[in-house]
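Worksheet: the structure to be examined is printed underneath.
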Amino acid sequence: MQLTDNNVLKEKQIHSPERITYLRVHNASCASCVNKIEGALKGVDGVQEATMNLAQSTVSVTGGAPVDNLINAIKSVGYNAEGITDTSDQSVLDEKEKADEAYYQRLMREMWIALSLGVPLMIYSLVIGEMTVTTTTERVVWLTIGLLTFGVMFFAGKHFYVGAWKSFINHSANMDTLIALGTGTAWIYSMFVVFFPSLVPEMARHVYFEATAMIIGLINLGLALEIKARGRTSEAIKRLIGLQPKTARVVRNGEDVDIAIEDVQLGDLVRVRPGEKISVDGVVLEGQTAVDESMLTGEPMPVEKAIGDEVVAGTVNKSGSILFRATRVGKDTALAQIIEMVKRAQNSKPPIGRLADLISAYFVPIVMIIAVVSALAWLNFGPDPRIAFAIVSATTVLIIACPCALGLATPMSVMVGVGKAAEAGVLIRNGEALQTASKITAMVLDKTGTITLGQPAVTDIILANENNKSSVLRLAASLEAGSEHPLALSIIESAKERGLDFGTVEQFRAIAGHGVEGIVEGQSLLFGNERLMQEKGIDIDAYVEKAQEMAAQAQTPMYFAVDGKLAAIIAVSDPIKSDSIEAIKRLQKNGVRVVMLTGDNRATAQAVAKKVGITEYFAEVLPDQKSDKIAELQGQGEIVGMTGDGINDAPALALANVGFAIGTGTDVAIESADITLMRGSLHGLADAIAVSKATLSNIKQNLLGAFIYNVAGVPVAAGLLYPFLGLLLSPVIAGAAMAFSSLTVVTNANRLRLFNAKNH
């Protein structure tokens, strides 16, 4: 298989006429942040679509709005942003890693500042005694500690309070709001107790400085660990970018010169030696070699390349030295387009992710209401010290309800899942296709080029006399050299593969609907169907039955006569791909109803279907009828996947719930599909479905964990269990749990990196 011989990926596949602007966003931390930022951007004139990837802290904006307007819109809702000027993939990745490392170091520094005060205070409260204010000495001590705690809030928690204030003045709320309210309330109450102890009932003279310091420290720690963990989710992109060589060896003025990859121009002659990476896409002009295309296609076997074959940037030249002409450079190479497709898919949201975002948007204000109601309930109905219990419950509710884990649940899994699919040579266009693929119940397969190779080839030669197969094939190819019929080309290719030399054909004549005739090396040759032989008086009676058997096996038998006598039957067919049978069995084993659709005649369709184990097929289907068959299956309640490679498959691909394009097919088919299989193997279908199911399962695990955590945690934090079990959750425990719940979600998403689609 050759990756680009049949126009695997052209510019139009990825690039759309709309302009896309990329921005890096700072201090966004939860799903409500994402909703506000996307909402603000969508309100800017000229913006058609805005999608934020919280895991990467980036936004892609489709439309013609100026960058400054976009940045101002983000600032208006309380966040900082900057345009990504150098949009080269390596530069973006480097900048992200640099920013992540700086953020990680800052968070760790702030964590140590906070915990250096919080941990001793926590130990004191657990080992020595109550943190209460009763004497003047205690007031002085706790005032000092209160001021130190304020220092912690300023130096280690400032970003929470700044973020909360920006959200407040923009009439919104986010994770920072909850943390700032919780820790701020605990500190203000504690300072009030220190300054005015006589105004507070004796039982309520408790300070909560340790809660403020510990919560800030633990949340910073959780965010730092989350940064480290989520950095691993972009491994697939890193590996793809790592395929791009930094330099190329071009021929200038008759000499080989090494230049930067960005300086390579269309039409340049590029030389590649054994073991080197191919720098840009091109067509081989000299030499032959084997190329490792596994990182792009998932196909482990090297692909033979000779003069006229296409080579693709990022693949590895294994054996010979070749010279090729550059046909696509920079952002137009297949590799660059693949990276762009993967990035877009990772940025997109599946429907389940949009549901989580919607819930998160309402979650923060609801939590704030619950916190107020909880505090009022304790003040009115709780035991003494009521005010202390009210402060503790409200603070704990605010802290434990931070929806960080909820906001990360979907994008983290999508990033890893799309990356895993790309490693297997499966390019997923968007999150919706990723989710829907997991639900497919029926898979419709086009025959030609999908189940079969799509390239007719000589499959059998039955000799009728003393001639040998090579001499018969040489004469037949010599005769057919003057024809452009697809079957003739298969004869010629077969002869070339055997290294046979062609003779010169004379008096060549094509007989419409029958075959061809001519003279080669003084021998009169006839090559065609049964009717041609009968008209020319050639005796074929002993071989008609054999020819009919071949036809029943989806082969096209052609009679070849030399000097008035039958010399051989040469059978041509479109061979079934070597792994189609196994791949179809794999789909069926997973409960998918497999249906074959073809415009070919019924006998051929039946023969192919029988060979590959398909019991349900439609033959002689016209191009405009293929989509009708898809609609018919959908009407039966099936979630339909359609796989094809030709222009005539495009309407059906577009109508199907999920369209799969064979990567060796036409641009129109690829453009119409939701998922592209970079190699011709149907195993890519099973791989795509397996990755889709694993990713969706991972998202559900994350969402379930986050929902259960919040739904179960908030009532306990509010004090629901106190009347029955005497249990009231500590704000410090809530802070630790909230921070580590996000880390758990990211870690669970990273488990997908170990997933092997081949085993499913």
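Some values worked out for this structure:
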item: The stretch 525-673 - Debye-derived log10 I(q)/I(0), Cα point model, q = 0.16 Å⁻¹; result: -0.90
item: Shape of the stretch 481-532, Cα gyration tensor, a/c cut at 1.5; result: oblate
item: Modelled FRET efficiency - R0 60 Å, PHE195 with GLU276, Cβ distances, 0.05 increments; result: 0.20
item: Where GluC sites (Glu not before Pro) fall in DSSP loop in the stretch 436-486, at most 12 other Cβ within 10 Å; result: GLU466, GLU484
item: Rounded, prolate or oblate (a/c below 1.5 giving rounded, otherwise prolate when a/b exceeds b/c) for the stretch 454-507 by Cα gyration tensor; result: oblate
item: Theoretical FRET efficiency, 1/(1+(r/R0)^6), r = Cβ-Cβ of GLN523 and ALA552, R0 25 Å, to 0.05; result: 0.20
item: Within the chain, helix-based [θ] at 222 nm, where runs of 4 or more DSSP H residues each add -39,500 (n - 2.57), nearest 500; result: -16500 deg cm²/dmol
item: Cα gyration tensor shape of the stretch 172-224, rounded if a/c is under 1.5, else prolate or oblate by comparing a/b with b/c; result: prolate
item: Top positive-direction residue, dipole computed over the chain with Cβ charges, set ILE387, THR333, GLY182; result: ILE387
item: Between helix 404-423 and the chain: long-axis angle, C-alpha atoms, 0 to 90°, nearest 10; result: 20
item: Mean Cα-pair separation over length for the chain, i.e. relative contact order, pairs under 8 Å, 6 or more apart, %; result: 15
item: Local net charge near ASN174, Cβ-Cβ under 11 Å (Lys/Arg +1, Asp/Glu -1); result: +1
item: Helix axis angle, 209-230 relative to the chain longest principal axis, alpha carbon, degrees; result: 10
item: Dipole axis of the chain (+1 Lys, Arg; -1 Asp, Glu on Cβ), positive-most option in THR247, GLY522, LEU355; result: LEU355
item: Dipole of the chain, positive direction: furthest Cα of SER478, ILE570, LEU70, with charges on the beta-carbon; result: LEU70
item: Lys, Arg +1 and Asp, Glu -1 on Cβ, resulting dipole of the chain about Cα centre, debye, nearest 20; result: 2740
item: Identified option (computed Cα Rg over 2.2 N^0.38 Å; candidates [x] 1.26; [y] 1.01; [z] 1.07); result: [x]
item: Radius, Kirkwood style, for the stretch 444-552 when every pair of distinct Cα atoms is counted (Å); result: 15.2
item: Point-to-point label distance, ALA290-GLN48, nm (Cα→Cβ direction, 7 Å offset); result: 4.6
item: Between helix 89-127 and the chain: long-axis angle, C-alpha atoms, 0 to 90°, nearest 10; result: 30
item: Simple spin-label estimate for TRP112 and LYS75 in nanometres, 7 Å along Cα-Cβ; result: 3.4
item: Distance from the stretch 308-325 to the stretch 462-521 (C-alpha centre basis), Å; result: 32
item: Extension gain (nm, one decimal) between LYS238 and GLN634, 0.36 nm per residue minus Cα-Cα; result: 138.7 nm
item: Sites ASP541 and THR327, calculated FRET efficiency, Cβ-Cβ separation with R0 41 Å, nearest 0.05; result: 0.15
item: Linear extension gain, ASN380 paired with THR747, 0.36 nm per residue minus alpha-carbon span; result: 127.9 nm
item: Separation in nanometres of the label points that stand 7 Å from Cα toward Cβ, at LEU725 and GLN534; result: 8.9
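No value in this document is a laboratory result; all are computed from the given coordinates. In this text, all values refer to a predicted model and were calculated from it rather than measured experimentally. All Cβ positions, glycine included, derive from the backbone under ideal geometry; neighbour counts span all protein chains shown.
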